[in-house]
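Everything below concerns the one structure shown next.
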Amino acid sequence: MTSYEIRLNVFEGPLDLLLYLIRKNEIDIYDIPMAVITEQYFQYLETMGALNLDIASDYLVMASTLLHIKSRMLLPVQEPAEDGEGEEDPRMELTRQLLEYEAFRKAALAMEQRPILDRDVFARTGPAPEDNGKGRETVLEVTVFQLVEAFRNILVKWEGEDGLELNRDSLSVADRIREIVNRLEEVESLTFDELLEDLRDRAQVICTFLALLELVKMRVVKAFQMEAYQTIRVCLAPGHEGSPIHS
Amino acid sequence: MKDLQSILEALLFVSDAPVTFERLRETLPEREAGDIRNALNALVEEYRSRDSGLYIAEVSGGYQIRTRESVRDWIRKFRKERPPALSRAAVETLAVIAYRQPVLKAEIEKVRGVDSSGTLKSLLERNLIRMVGRKDVPGKPILYGTTRKFLEIFHLRDLSELPTLRDWKELGE
């Protein structure tokens with residue numbers, strides 16, 4: 001049974017494996033010997049286990065299906081009813097499923113052999129991806145979720161980095177809001193990291209982040225990035241020059 | 001006729017996507033549709049008979065100048081790009097969707113016998129499939145279908161060009 005190992009990665013799933021076993025044993029798909037197939041199927045799962053491969057739950061579902069069919073085969077067959085419609089062979093559903101899967105697998109093979117664009121045949125393309133960004137003025141607005149994600153990354157960076165000292169200065173969100181606006185009045189925009197760079201403990205980072213969220217919500221500042229996955233920058237929203245906080 | 005053929009050839013040359021017949025007609029309103037059709041067919045035929053590195057592919061409801069399969073090795077070398085990988089799982093899933101659309105994720109998984117979430121996600125990202133609607137049953141599950149890009153990539157004029165699925169239905173149904 002060592003021949004399975006070579007093919008381990010080749011199987012797309014339990015149906016693929018079953019088809020392989022059926023073909024290997026030259027079995028008639030309309031008359032599957034359940035004992036043989038079930039045994040070989042389990043041997044294959046064992047091999048997978050021995051190799052420390054995660055056995056996908058799909059394989060386990062099929063394993064129980066096989067056992068179920070096998071046990072039903074052991075039950076005495078009911079006499080066909082008067083109209084000749086006996087109970088259906090418990091293997092029929094599986095056979096149908098296998099034939100259906102096989103049909104699609106053949107269709108997939110045929111599709112793969114077509115002259116595929118960018119693999120076998122080529123056409124004119126638009127400008128190369130690297131040129132797309134050049135001179136582009138598009139600014140993507142950042143959502144709150146992206147901000148939170150960026151914030152999470154920063155907190156992770158802080159994790160384990162013991163702050164030099166914990167001083168419980170009277171640091172409030174309102175203070176941070178004023179500070180951020182003041183800084184943004186001096187420079188055009190700040191990166192997310194710049195906003196947080198000279199903070200010394202988690203409380204300050206969190207305070208600053210809450211202040212930023214508040215400012216975004218009030219539409220005083222705008223968070224944006226020039227391109228997806230780039231640095232998040234913040235700037236004052238147009239029409240909001242000057243400090244909005246008068247408390 | 002010959003001048004019309006030159007115009008059509010040039011139009012196909014400058015386009016970076018398959019050009020529909022409609023689009024060609026719009027561009028050439030002063031010409032008879034029948035003439036355009038004839039010139040186009042003649043052009044396709046000329047490319048076919050000419051032993052050049054190019055041919056005119058009829059894909060996704062349009063016409064596109066493409067390089068012949070016989071020169072693909074040099075194109076790949078020249079482009080310095082690895083051809084896009086289409087895994088077996090991806091093509092299998094595409095096949096189920098192409099033949100069964102509009103189709104639910106649960107139906108795809110029933111046919112394939114494996115969880116297909118990851119494959120569906122990557123096919124969606126690559127724009128080979130799209131969500132075509134929701135089925136009107138509890139939970140309103142998403143229905144999937146193939147895209148124009150799918151036809152372009154797999155060199156299909158339309159879905160009817162797919163070979164018929166071997167008839168598995170005859171069994172017990």
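A few notes on this one:
Residue by residue, here is whether (1) within 23 Å of the chain's Cα centre (by Cα); (2) within 11 Å of chain A (Cβ to nearest Cβ); (3) open to solvent by 30 Å² or more (accessible area, probe 1.4 Å) holds:
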{"position": "B:Arg23", "(1), (2), (3)": "yes, no, yes"}
{"position": "B:Arg31", "(1), (2), (3)": "no, no, yes"}
{"position": "B:Gly34", "(1), (2), (3)": "no, no, yes"}
{"position": "B:Ile65", "(1), (2), (3)": "yes, yes, no"}
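- If you go through segment A:18-51 and pick out every residue that is touching a residue at least 60 places away in the same chain (Cβ under 8 Å) and either over 12 Å from A:Leu94 (Cα atoms) or open to solvent by less than 50 Å² (accessible area, probe 1.4 Å) (or both), you end up with 5.
- Residue in segment B:113-121 that is in contact with a strand residue (DSSP E or B) (Cβ under 9 Å, 6 or more places away or on another chain) and away from every other protein chain (no Cβ under 13 Å) present: yes
- Failed condition for B:Pro141, given (1) farther than 29 Å from A:Pro115 by Cβ; (2) in contact (Cβ under 8 Å) with a residue 24 or more places away in the chain; (3) out of contact with any helix residue (DSSP H, G or I) (no Cβ under 8 Å at 6 or more places or on another chain): (3)
- Selection within segment B:141-165 - at the interface with chain A (Cβ under 8 Å from one of its Cβ atoms) and either at pLDDT 95 or above or surrounded by 13 or more Cβ atoms within 10 Å (Cβ to Cβ) (or both): B:Glu152, B:Ile153, B:Phe154, B:His155, B:Leu156, B:Leu162, B:Leu165
- Test result for B:Arg37, touching a strand residue (DSSP E or B) at 6+ places or on another chain (Cβ under 6 Å) and of a type in the set (D, E, K, R): no
- Matching entry among A:Ala123, A:Ala81, A:Ala110 (being closer than 24 Å to A:Arg23 by Cα and either modelled with pLDDT under 80 or at the interface with chain B (Cβ under 9 Å from one of its Cβ atoms) (or both)): A:Ala110
- Segment B:67-81, subset under 30 Å from B:Asn41 (Cβ atoms) and within 8 Å of chain A (Cβ to nearest Cβ), residue least open to solvent (accessible area, probe 1.4 Å): B:Thr67
- B:Asp51 vs. criteria of a type outside the set (Lys, Arg), part of a loop (DSSP other than H, G, I, E, B) and open to solvent by 30 Å² or more (accessible area, probe 1.4 Å): yes
- Residues in segment B:5-21 that are within 14 Å of another protein chain (Cβ to nearest Cβ) and either assigned to a helix (DSSP H, G or I) or more than 24 Å from A:Asp118 (Cβ to Cβ) (or both): B:Glu9, B:Ala10, B:Leu11, B:Leu12, B:Phe13, B:Val14.
- Some residue of segment B:143-158 being more than 18 Å from the chain's Cα centre (by Cα) and not hydrophobic (A, V, I, L, M, F, W, C): no
- Residue that is surrounded by the fewest Cβ atoms within 10 Å (Cβ to Cβ), among those in segment B:82-119 that are of a type in the set (A, V, I, L, M) and part of a loop (DSSP other than H, G, I, E, B): B:Ala85
- Going through (1) modelled with pLDDT under 75; (2) within 16 Å of A:Glu179 (Cα to Cα); (3) open to solvent by 80 Å² or more (accessible area, probe 1.4 Å) one by one, A:Leu210 falls short only on (1).
Here is a yes/no grid of residues against (1) β-branched (Val, Ile, Thr); (2) at pLDDT 90 or above; (3) not in a loop (DSSP other than H, G, I, E, B):
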residue: A:Leu15; (1), (2), (3): no, yes, yes
residue: A:Asp28; (1), (2), (3): no, yes, no
residue: A:Ile32; (1), (2), (3): yes, yes, no
residue: A:Leu53; (1), (2), (3): no, no, no
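- Verdict on B:Lys2 being open to solvent by 30 Å² or more (accessible area, probe 1.4 Å) and either within 13 Å of another protein chain (Cβ to nearest Cβ) or in contact (Cβ under 8 Å) with a residue 12 or more places away in the chain (or both): no
- Hits in segment B:12-21 (condition: open to solvent by 50 Å² or more (accessible area, probe 1.4 Å) and either among the aliphatic types (A, V, I, L, M) or in contact (Cβ under 8 Å) with a residue 12 or more places away in the chain (or both)): B:Phe13, B:Val14
- Residues satisfying the stated conditions in segment B:120-140, i.e. among the polar types (S, T, N, Q) and open to solvent by less than 50 Å² (accessible area, probe 1.4 Å): B:Ser122
- The residue that is nearest to A:Phe104 (Cα to Cα), among those in segment B:121-167 that are in a loop (DSSP other than H, G, I, E, B) and hydroxyl-bearing (Ser, Thr, Tyr), is B:Thr164.
- Condition check for B:Ala42: in contact (Cβ under 8 Å) with a residue 40 or more places away in the chain, facing chain A (nearest Cβ under 8 Å) and more than 30 Å from B:Arg134 (Cβ to Cβ): no
- Counted residues, segment A:220-236 - those being of a type in the set (D, E, K, R) and either within 25 Å of the chain's Cα centre (by Cα) or at pLDDT below 75 (or both): 1
- Residues being within 13 Å of chain B (Cβ to nearest Cβ) and in contact with a helix residue (DSSP H, G or I) (Cβ under 7 Å, 6 or more places away or on another chain) - total across segment A:33-64: 6
The values are calculated or read from the model by the stated rules, or taken from the named source; none is laboratory data. Since we're looking at a predicted model, the values are computed, not measured. Reconstructed Cβ throughout: ideal geometry from the backbone, glycine too, with neighbour counts over all protein chains shown. Heavy atoms of the whole protein, side chains included, go into the accessibility calculation; ligands, DNA and RNA do not. Shrake-Rupley method; radii C 1.70, N 1.55, O 1.52, S 1.80 Å.
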